[in-house]
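First the structure, in the form of structure tokens, and then the observations on it.
The values are calculated or read from the model by the stated rules, or taken from the named source; none is laboratory data. Here the structure is a predicted model, which is why all the values come from computation and not from measurement. Please note: Cβ atoms are built from the backbone with ideal geometry, for glycine as well, and neighbour counts cover all protein chains shown.
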Amino acid sequence: MASFDIAEEEYQRALRLLEQDAIAKSVVEQRKAQRDVATAQLDSAKKALSDSVLTAPFTGVVASVSIRKTEAVSAGASAITIIDVSSLEQQLIYPLVSSRKYRRGKIRVLL
């Protein structure tokens, strides 16, 4: 972004100087070309960044990561496993005899 900002400032400065006949038109065209190249590079960097972001189709918790940092991933390949915690259920089964030991809301589970 810094190169684009510099190229844009230089181009705008050249336009102001051209209005005052203080710069050659060829220099303005050169600065415009430099700005256009910087714009293309910035657009390319923005596209690369947006292509590198993975977005899940739902809110969840990352269960596992199948890739390493900077590793390229093919389209359709599994990179991350995400669990939708909103649909998780747990069922506890314990003998009826033991049920008298526990009061409602006082069950402690050790995993």
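For the reader, a short list of remarks on this structure follows.
- Check on Ala40, within 22 Å of Met1 (Cβ to Cβ), at pLDDT 95 or above and touching a helix residue (DSSP H, G or I) at 6+ places or on another chain (Cβ under 9 Å): no
- From the options Val27, Val85, Val61, Val53, residue that is without any contact (Cβ under 8 Å) to a residue 24 or more places away in the chain and under 26 Å from the mean Cα position of the chain (by Cα): Val53
- Residue-level analysis places Lys46 among those that are within 29 Å of Ile82 (Cβ to Cβ) and either outside the structural domain of Ser86 (by TED's automatic domain parsing) or surrounded by 13 or more Cβ atoms within 10 Å (Cβ to Cβ) (or both).
- Selection of region 55-86 for residues being under 30 Å from Met1 (Cα atoms) and either surrounded by 10 or more Cβ atoms within 10 Å (Cβ to Cβ) or among the aromatic types (Phe, Trp, Tyr) (or both) yields Ala56, Ile67, Val73, Ala79.
- Being at pLDDT below 85 and either among the basic types (Lys, Arg) or in contact with a helix residue (DSSP H, G or I) (Cβ under 9 Å, 6 or more places away or on another chain) (or both) is a description that applies to Lys69.
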